[in-house]
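Here the structure is laid out as structure tokens; the discussion comes afterwards.
Coordinate-derived values only; no laboratory data. Small disclaimer: the values here were computed from a predicted structure and weren't measured. Note that we place each Cβ from the backbone using ideal geometry, even for glycine, and neighbour counts take in every protein chain shown.
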Amino acid sequence: MPAKLSTKDLQGQMMSLNRIGIALTKEQDLNQLLALILTESRLFTNAEAGSLYVREGQQLRFSVSQNDVLDARKKAELKAQKKQLEVVPSTFTGFYVSLDKSSLAGYVGVTAKVLNLLDVYKVPAGKEYKFNRSFDEKNNYRTKSMLIVPMKDASGNVVGVIQLINAHKGKNIVPFDKHYENLVLSLASQAAIAIRNAMLTQELKEAYLDTIFRLSVAAEYKDDDTASHIHRMSRYSAILAEGLGLSAAEVESIRYASPMHDIGKLGVPDSILMKPGKLTPAEFKEMQNHTVFGAKILENAKAELLKVSEIIAMTHHEKWDGSGYPRGLKGESIPLSGRVVALADVFDALTSKRCYKPAFSLEDSMKIIKEGSGRHFDAKVVQAFSDNLEKILAVKAQFSN
Ligand SMILES: [Fe+2]
Ligand SMILES: [Fe+2]
């Protein structure tokens with residue numbers, strides 16, 4: 001019989017449950033969230049290992065795995081070989097278990113019941129579930145006690161399963177105390193809500209970025225640019241931003257905002273955009289207006305990303321020496337995002353075939369870019385370009401059409 005818990009113990013556990021609940025609502029990144037859920041559940045129950053499955057249709061995806069014993073063993077091996085442990089090895093993730101009663105996780109996923117097993121090698125005959133020993137055999141590990149808990153959302157649907165492995169009392173492996181069952185169950189349902197939210201946020205973000213990308217492609221289709229131009233120039237822009245030492249968030253915002261640089265072409269007549277010959281001065285003026293139209297389409301947006309897009313649309317044809325358009329801005333009065341995209345856009349135009357010109361060789365394109373340093377382009381951006389040429393060329397090779 002487990003010892004009865006004192007009021008103080010119970011109070012302590014309720015408080016840590018509360019603390020975990022708050023921590024879970026703060027984490028927005030799905031993978032980080034899943035890892036946090038598992039870590040906290042293990043700490044709570046003193047489990048040396050655990051894994052977490054997320055439900056995808058009629059399957060459970062093995063999403064996170066943690067094992068202190070195997071990690072310590074790995075560390076010791078590396079230490080013996082005098083190698084540094086760079087990444088904590090996450091053992092054995094990324095496979096699927098079908099949602100049926102034959103496995104432990106599947107059983108809990110289907111029935112939404114808690115399983116608390118003293119020794120998984122001694123599951124009585126006649127049970128529908130069976131412990132799969134292949135992981136233990138492969139890793140020379142012994143799974144003994146296990147607590148397997150469903151993660152249920154507010155409407156009672158199972159969204160995942162948490163498996164906690166080998167509870168400890170000091171150095172000994174002991175069964176999971178019965179009073180943990182309800183505590184972990186309640187932790188798991190808080191986790192389920194946090195997972196649902198993180199998934200929705202992620203889905204919304206992906207839909208948003210996808211829409212932006214498709215809109216940008218629509219604008220580029222009006223002349224002879226292509227979807228690959230958008231792919232390349234957005235990645236070139238991110239590489240340059242990173243090379244200039246911008247923060248990860250700024251790099252990401254330039255990566256996702258730059259595809260919309262030419263969105264204003266939607267407002268330029270096709271007769272001008274697609275004119276094969278030279279444009280008259282009046283037509284050229286009209287063409288230049290794609291910058292102003294673009295900024296107009298994007299103005300007054302609430303989302304930070306669209307604000308950056310507006311700036312890029314307006315300023316990607318400005319030149320460092322003030323000879324660009326539409327406003328003839330000079331030097332640092334041109335926003336950095338505009339200076340970055342200007343180079344990425346020109347480099348891609350130079351190295352791509354257009355109806356009026358063949359693709360320039362890399363050598364010629366580099367020459368033009370370098371000659372433009374301090375005139376057309378910000379010299380710092382040109383430097384970041386030269387410093388990161390290898391990465392730029394890898395993108396060029398990956399998205400050649
Ligand atoms: Fe443009
Ligand atoms: Fe472009």
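Here are the numbers for this structure:
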| item | result |
| --- | --- |
| For the chain, built as a Gaussian network whose Cα springs stay under 10 Å, the top-fluctuating residue of Asn139, Asn166, Asn31 | Asn139 |
| Zero-based 10 Å bins, Cα pair distances in the chain, whole percents | 4, 18, 21, 15, 14, 14, 9, 3, 0, 0 |
| Residue pairs, from the table Lys8/Lys178; Lys101/Lys122; Lys367/Lys396; Lys222/Lys302, whose Cα atoms sit over 21 Å apart | Lys222/Lys302 |
| Semi-axis lengths, Å, segment 92-248, gyration tensor of Cα atoms, sqrt of 5 times eigenvalues | 46, 19, 17 |
| Rounded tilt (10° steps) of 362-371 against the dominant C-alpha axis of the chain | 70 |
| Helix 227-243 vs. the chain, principal-axis angle (Cα, 0 to 90°, nearest 10) | 80 |
| Globularity ratio of segment 310-401, using Cα Rg and 2.2 N^0.38 Å | 1.07 |
| Total charge dipole magnitude, the chain, about the Cα centre, Cβ charges on Lys, Arg, Asp, Glu only, Debye to nearest 20 | 1240 |
| Added length on full extension, which subtracts the Cα-Cα distance from 0.36 nm per residue, Glu304 to Ile173 | 42.0 nm |
| Residues Phe95 and Arg196, FRET efficiency given R0 of 22 Å [Cβ-Cβ distance, rounded to 0.05] | 0.45 |
| Exposed GluC sites (Glu not before Pro) absent - longest run of the chain, DSSP non-H/G/I/E/B, at most 13 other C-beta within 10 Å | 129-298 |
| Reachable lysines, given that their alpha-carbon falls under 16 Å from the alpha-carbon of Lys285 and they are not under 8 places away in the same chain | Lys265, Lys275 |
| Cβ-placed point charges (K, R +1; D, E -1), dipole of segment 221-398 about Cα centre in debye, nearest 20 | 280 |
| From the C-alpha gyration tensor of segment 7-200, square roots of 5λ in Å | 24, 21, 19 |
| In Hz, Karplus ³J(HN,Hα) per residue of segment 339-350 (6.51, -1.76, 1.60; θ = phi - 60°; x = Gly, Pro) | 5, 5, 5, 3, 5, 4, 5, 5, 4, 5, 5, 4 |
| Förster radius 45 Å - calculated FRET efficiency between Lys330 and Ala80, Cβ distance, rounded to 0.05 | 0.15 |
| Translational diffusion of segment 217-349, µm² s⁻¹ [Kirkwood Rh, Cα pairs; Stokes-Einstein; 10 °C; 1.306 mPa s] | 107 |
| Under Karplus coefficients 6.51, -1.76 and 1.60, residue-wise ³J(HN,Hα) of segment 124-132 in Hz, glycine/proline x | x, 4, x, 6, 6, 9, 9, 7, 8 |
| Helix 304-315 axis, angle to the chain major axis (alpha carbon atoms, nearest 10°) | 20 |
| For a label point 7 Å along the Cα-to-beta-carbon line of Asp364, residues of segment 321-355 with backbone N under 14 Å | 349-355 |
